[in-house]
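Worksheet for the structure shown next.
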Amino acid sequence: MSPSYRKEREKKRSQQKAKSDDGTTPVKQSESQSNSAKSDRKKSVEGKEEIVDEPTIKDEKAEEEEKAAREAEEKLKEQEKIQAEKNQLDQFIKDYEARFSWKSDLRKVNLEASQNRPEDDKHLYKLDSSLKKNTAFIRKCKMINDGNKDQLIKEMRGLNLSKYIEELCQGLVECKMKMSDVPGIVEFCSAVHQVYAEFSPSLLENWTKVLAMKKEDKVANPSKLRVDLRLYSELISVGIFHLKESLSLLGNVLTTLVAQDKETLS
């Protein structure tokens with residue numbers, strides 16, 4: 001053997017021994033390296049997935065909190081609405097009870113007026129019966145409203161209106177008023193009725209002249225008629241008029257108005 005051949009052979013044996021000591025083949029080393037790389041890539045991917053999932057969870061949590069806040073706000077608004085409606089209903093009941101009590105008390109006093117008036121007019125002789133003051137008072141009554149009714153009642157108690165009842169009733173029927181003035185005028189009429197027995201029949205007579213209608217009659221001023229009917233109805237309910245005569249006139253007016261509406265709509 002040549003020296004070069006021996007060296008080459010020893011080199012191959014050394015390489016085989018080294019491979020035998022390592023315990024793996026080149027193929028297995030390649031597979032091991034491949035598996036290690038795959039594992040590293042998987043860990044890297046999982047880390048990325050965790051990074052992507054974190055903001056998604058935060059968004060869902062924020063949406064849930066926002067939804068809960070909206071539901072709480074809607075629930076609060078609903079409760080406030082229910083409470084407002086309850087307060088409105090309570091106020092309506094309170095106003096109704098106060099109005100019913102006011103009307104009941106006034107009706108009782110008006111119905112008992114005939115028994116409480118003096119049998120003669122001697123108590124009126126001490127009051128002012130001058131033409132100047134009484135006519136001035138009647139002019140004021142033509143502009144009566146809820147704001148000045150207390151002052152007019154006070155003035156009325158100091159005057160002798162026995163000779164001026166007709167003019168007073170005519171002025172009250174013709175006065176221009178608003179719906180809000182009706183309670184004040186009812187109180188004033190009640191005060192006069194409690195002193196003067198002739199006031200009620202004279203006032204009813206004047207209302208009959210104004211409200212009496214025929215089927216062919218046209219309503220000149222619907223707004224005033226609406227307020228007049230409200231006032232007339234209130235005067236009946238507080239006992240200033242006798243029911244038989246007063247309800248007959250009211251029924252006639254309402255029947256005529258309904259008949260006119262039917263003709264208009266047909």
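For GLU119 and LYS178, what does the FRET efficiency come to when R0 = 35 Å and r is the distance between their Cβ atoms, rounded to the nearest 0.05? Intermediate results must be reported in sequence, preceding the final value.
Details: r = 39 Å, r/R0 = 1.12.
E between GLU119 and LYS178, to the nearest 0.05, is 0.35.
Between LYS215 and ALA72, what length in nm is gained on full extension when 0.36 nm per residue of separation is reduced by their alpha carbon distance? Spell out each step's value before the answer.
Details: separation 143, 0.36 × 143 = 51.48 nm, distance 6.10 nm.
My answer for the length gained is 45.4 nm.
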Integer Hz, Karplus 6.51/-1.76/1.60 couplings in order for region 212-227, x for Gly and Pro: 4, 9, 10, 4, 7, 6, 9, 7, 6, 9, x, 5, 5, 5, 4, 5
Charge context of GLU64, other residues only, Cβ under 12 angstrom, K/R +1, D/E -1: -2
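With the full set of protein chains in place, find how many percent of the accessible area of region 143-265 is carbon and sulfur; take the probe as 1.4 Å. Display every interim value, and only then the final one.
Numbers: 3550 of 6380 Å².
C and S atoms contribute 56 percent here.
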Region 62-152 - Rg and Dmax from Cα coordinates, angstrom: 28.0, 89
Coil-residue chymotrypsin sites (Phe, Trp or Tyr not before Pro) of region 52-135, DSSP, other Cβ within 10 Å capped at 13: TYR125
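R0 = 45 Å: FRET efficiency of ASP95 with ILE57, Cβ-based, nearest 0.05?
Numbers: r = 57 Å, r/R0 = 1.27.
Computed FRET efficiency for ASP95 and ILE57 comes out at 0.20.
Taking only the C-alpha atoms, wrap a convex hull around region 154-196 and report its volume per residue in Å³ as a whole number.
Values: hull volume 3.0 nm³, N = 43.
Per-residue hull volume (Cα only) is 71 Å³.
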Region 181-222, accessible area per residue, ligands and nucleic acids excluded (1.4 Å, Å²): 46
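Per residue and in Å³, how big is the convex hull formed by the alpha-carbon atoms of region 206-266?
Numbers: hull volume 5.0 nm³, N = 61.
Taking only Cα atoms, region 206-266 has a hull volume of 82 Å³ per residue.
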Solvent-accessible surface (1.4 angstrom probe) belonging to LEU76, in square angstrom, nearest 10: 90
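May I ask which of LYS176/LYS218; LYS142/LYS163; LYS108/LYS215; LYS108/LYS244; LYS149/LYS224; LYS122/LYS149 have a Cα-Cα span longer than 28 Å here? Numbers along the way, then the final one.
On the way: LYS176/LYS218 19 Å; LYS142/LYS163 17 Å; LYS108/LYS215 36 Å; LYS108/LYS244 18 Å; LYS149/LYS224 20 Å; LYS122/LYS149 26 Å.
The answer is LYS108/LYS215.
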Cα Rg, Dmax (largest Cα-Cα span) when computed across region 43-198, Å: 34.4, 118
Intensity falloff of region 159-253 expressed as log10 I(q)/I(0), Debye formula with alpha-carbon point scatterers, at q = 0.20 Å⁻¹: -1.01
Inter-centroid distance (Cα atoms) of region 175-220 relative to region 228-246, Å: 8
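The values are calculated or read from the model by the stated rules, or taken from the named source; none is laboratory data. Source: prediction; values computed, not measured. Cβ: placed from backbone, ideal geometry, glycine included. Neighbour counts: every protein chain shown. Only protein heavy atoms, including side chains, enter the accessible area calculation; ligands, DNA and RNA are left aside. Shrake-Rupley method; radii C 1.70, N 1.55, O 1.52, S 1.80 Å.
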